[in-house]
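The values are calculated or read from the model by the stated rules, or taken from the named source; none is laboratory data. What you are looking at is a predicted structure, and each value in this text was computed from that prediction instead of being measured. No Cβ is skipped: glycine too gets one built from the backbone with ideal geometry, and neighbour counts run over all protein chains shown. Areas reflect the complete protein model, heavy atoms only, side chains present, ligands, DNA and RNA absent. Shrake-Rupley method; radii C 1.70, N 1.55, O 1.52, S 1.80 Å.
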Amino acid sequence: MSATNVSRIAIAAGVAASTVLLLAGPAAAHVSVQPQGEAAKGGYATLNFKVPNERDQASTVKLEVNFPADHPLSSVTPEAVPGWKIAITKGKLDKPLEVHGRKITEAVTKVTWTADGSKIAPGYFQQFPVSVGQLPEDADQLVFKAIQTYDNKEVVRWIEEPTGGEEPDSPAPVLKLTAATEDHHGGGAAKGDDDHQADDKAASAEGDKGDKKETHAASSSSSDTTARTLGIIGILIGIAGVAFGVLAGRRRTA
């Protein structure tokens with residue numbers, strides 16, 4: 001292959017790669033939501049709303065996340081983020097929720113983060129963690145419509161719901177729910193850890209007992225072996241002594 005052909009192939013590959021990056025960049029850089037671990041149906045989870053800054057000449061100063069009205073969540077607790085103020089908006093429920101034997105008549109409808117000494121500069125992203133529950137058991141995903149505001153007053157609405165085809169231009173953050181687990185409660189995980197720790201301690205205690213028994217048995221076996229060896233040596237010495245005495249007696253007689 002000539003140097004000219006190699007050069008042409010390299011240029012074509014570079015153009016193709018640049019095109020892919022240009023096409024993929026805008027689609028990937030949008031507000032999204034990911035759970036820390038899993039978001040199981042009927043359980044509790046900590047969600048991270050990831051907000052990238054898409055502009056070269058402006059910074060993100062506000063994020064509004066709307067929670068799904070068709071599947072209201074009884075518990076929504078945002079984590080403090082340095083440099084950001086948090087406002088929680090609640091609304092009355094058309095149908096009260098039954099949670100742990102209590103009726104919940106209102107739920108969080110929106111959480112708003114506003115820059116207060118900080119902002120998301122060009123080329124950076126920020127995560128906003130929220131603890132939520134109880135996740136619905138009759139849904140495979142939750143859609144959180146988000147609104148991103150820049151310091152140049154530009155507003156980007158990430159509110160288009162997925163339809164199963166191509167990703168929309170301004171997709172809303174979507175949380176995929178996994179299959180339900182046996183333990184639906186947030187405290188259950190800690191309890192499960194305690195149970196595991198208790199089992200581990202019990203197993204460790206049993207192991208220590210077993211080790212002691214084995215050590216005692218090994219010690220006893222070692223003692224028995226030593227005693228037998230010493231006994232055999234004593235017998236051999238005795239026999240040797242007797243034989244020596246007999247031989248010595250014969251020599252005197254001769």
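Would you say residue 98 is out of contact with any strand residue (DSSP E or B) (no Cβ under 7 Å at 6 or more places or on another chain), of a type outside the set (Ser, Thr, Tyr), part of a strand (DSSP E or B) and on the phi < 0 side of the Ramachandran plot? Working first, answer last.
Values: out of contact with any strand residue (DSSP E or B) (no Cβ under 7 Å at 6 or more places or on another chain): yes; of a type outside the set (Ser, Thr, Tyr): yes; part of a strand (DSSP E or B): yes; on the phi < 0 side of the Ramachandran plot: yes.
Yes: the conditions hold for residue 98.
Within segment 101-150, the residues that satisfy the criterion of being open to solvent by 70 Å² or more (accessible area, probe 1.4 Å) and in a loop (DSSP other than H, G, I, E, B) are 116, 117, 119, 123, 124, 137, 138, 140. Is it the case that some residue within segment 22-36 is modelled with pLDDT under 95, surrounded by fewer than 16 Cβ atoms within 10 Å (Cβ to Cβ) and touching a Pro at 6+ places or on another chain (Cβ under 6 Å)? Yes, the conditions are met somewhere in segment 22-36. One residue alone among 59, 75 is among the small types (Gly, Ala, Ser), at pLDDT 90 or above and over 30 Å from residue 150 (Cβ atoms), and that residue is 75.
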